[in-house]
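Asker: Quick one: structure below, then a few questions.
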Amino acid sequence: MILERFKVPEKDQVLVSEAALRRTVTLIFERLGLTAEDAADAADALTMTDLRGVETHGVSNMLRAYVRDYRAGKLDPRPGWRIVRESPGTAVVDAERRLGIVVGPKAMRLAVDKARAVGVGVVTVYNSGHFGAIGHFAMQAAQHDMIGVCFTGSSVNVVPTFASKPMIGTNPIAIAAPARREAPMLFDAATSAIAGNKIRLAMRVGSPLLPGWVSDKDGTPITEEKPVFDRDDFYQLPLGGTREQGSHKGYGLALMAEVLSTVLAGALPTMLASGSGSKNHFAAYNIAAFTDVEQFKDTMDQMLERLRTATPAPGQERVLYPGLSEFEETQKRRAKGIPLHKEVVAWFAECTRELRIPALLG
């Protein structure tokens with residue numbers, strides 16, 4: 001769940017229903033040349049991300065970038081991919097310039113099928129477009145009574161600890177696990193101090209960046225609040241911000257994600273091959289291959305409930321666990337609508353007009 005400082009101010013909100021958003025986004029993808037199935041998968045990834053309140057990776061930030069890349073010929077809208085290596089429990093996929101939120105659902109379905117057969121399924125994908133919020137794919141596995149795990153090797157925009165220039169990506173990590181009565185556990189976070197797309201949100205809503213989130217152009221961490229005027233004014237820092245606050249841990253986690261998503265696929269990190277696209281690691285652990293599924297869910301419920309009902313620190317409302325606020329936000333937004341910034345709605349009006357499809361309706 002994003003911080004309050006990144007949420008759309010109420011005065012700038014336009015509430016849109018899930019059905020309207022899903023329908024319009026699907027039509028946009030179809031008009032760009034995707035099949036109905038691929039368009040539906042892509043729209044589902046974006047819509048579910050907005051429903052969960054993860055606006056950094058929903059339609060507000062990402063859809064216009066995807067439209068731009070399809071129009072520029074950077075992405076291939078045709079269906080397909082190429083499996084370059086496979087075993088009963090693993091596969092390596094060349095996405096051949098397909099968009100990540102189109103390839104991702106297929107890759108996790110393949111991982112789930114393999115896990116159902118042999119206990120664990122792992123699929124790595126390279127040469128892809130942006131994968132969106134990878135927690136969406138981890139949740140796919142959780143919906144099949146499996147634990148889903150995803151890693152991404154993304155484009156270079158983060159400065160390693162003690163370095164002067166960006167060499168690694170924001171390289172997010174996600175894990176999802178099912179429960180019974182409690183909301184599923186869902187952790188999805190960048191290994192940078194701030195996700196890159198949050199900077200776009202900050203620029204849109206006029207919110208400053210906090211100390212330790214970015215560095216100046218020689219790699220020195222900025223340790224005071226900084227208004228965002230231009231993304232070219234700074235570099236991003238690893239999770240932790242400074243060495244004293246643990247940036248070496250964020251740096252190490254980013255490299256871990258790079259190894260599992262990129263090197264394991266036989267691909268080159270972006271620092272070694274500029275413009276080589278995103279790489280991803282999809283893993284599904286079949287709970288039944290390790291323990292009794294019902295026992296697993298009972299234990300998850302006990303653990304998550306213990307966290308949810310823990311005594312909060314003074315001044316705090318309650319204790320959360322990863323996935324709880326996203327689950328609650330989904331229920332709220334399904335009932336009341338998804339709040340889009342009026343600037344985003346204006347972009348939709350322009351895009352649908354150019355593509356000659358029905359306008360987005362609230």
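The values are calculated or read from the model by the stated rules, or taken from the named source; none is laboratory data. The structure displayed is predicted, hence computed values, not measured ones. Cβ placement follows ideal geometry from the backbone for every residue including glycine, while neighbour counts extend to all protein chains displayed.
Asker: In the list 93, 103, which residue meets the criterion of being touching a strand residue (DSSP E or B) at 6+ places or on another chain (Cβ under 8 Å), part of a strand (DSSP E or B), under 25 Å from residue 116 (Cβ atoms) and touching a residue at least 24 places away in the same chain (Cβ under 8 Å)?
Answerer: 93
Asker: Restricting attention to the range 236-276, which residues are within 20 Å of the chain's Cα centre (by Cα), under 14 Å from residue 193 (Cα atoms) and buried (at least 23 other Cβ atoms within 10 Å of the Cβ)?
Answerer: Selection gives 236, 237, 238, 239, 250, 251, 254.
Asker: Sticking with this one: Read through the list (1) within 26 Å of residue 122 (Cβ to Cβ); (2) in contact with a helix residue (DSSP H, G or I) (Cβ under 6 Å, 6 or more places away or on another chain); (3) at pLDDT below 95, then give the number of the only condition that residue 282 fails.
Answerer: Failing condition for residue 282: (3).
Let's see how each residue does on (1) aromatic (Phe, Trp, Tyr); (2) outside any loop (DSSP other than H, G, I, E, B); (3) under 19 Å from residue 280 (Cβ atoms):
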residue: 152; (1), (2), (3): no, yes, yes
residue: 162; (1), (2), (3): yes, no, no
residue: 176; (1), (2), (3): no, yes, yes
residue: 188; (1), (2), (3): no, yes, yes
residue: 199; (1), (2), (3): no, yes, no
residue: 211; (1), (2), (3): no, no, no
residue: 218; (1), (2), (3): no, no, no
residue: 248; (1), (2), (3): no, yes, no
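Asker: Check 142, 163, 174 and return the single one that is over 17 Å from residue 258 (Cα atoms), aliphatic (A, V, I, L, M) and within 17 Å of the chain's Cα centre (by Cα).
Answerer: None of the others qualify; the one that does is 142.
Asker: In the range 18-33, is there at least one residue being within 30 Å of residue 319 (Cα to Cα), in contact (Cβ under 8 Å) with a residue 60 or more places away in the chain and over 15 Å from the mean Cα position of the chain (by Cα)?
Answerer: Checking the range 18-33: at least one residue is within 30 Å of residue 319 (Cα to Cα), in contact (Cβ under 8 Å) with a residue 60 or more places away in the chain and over 15 Å from the mean Cα position of the chain (by Cα).
Asker: Just need a number here: residues in the range 35-75 that are touching a Gly at 6+ places or on another chain (Cβ under 9 Å), surrounded by fewer than 21 Cβ atoms within 10 Å (Cβ to Cβ) and not in a helix (DSSP H, G or I).
Answerer: 1
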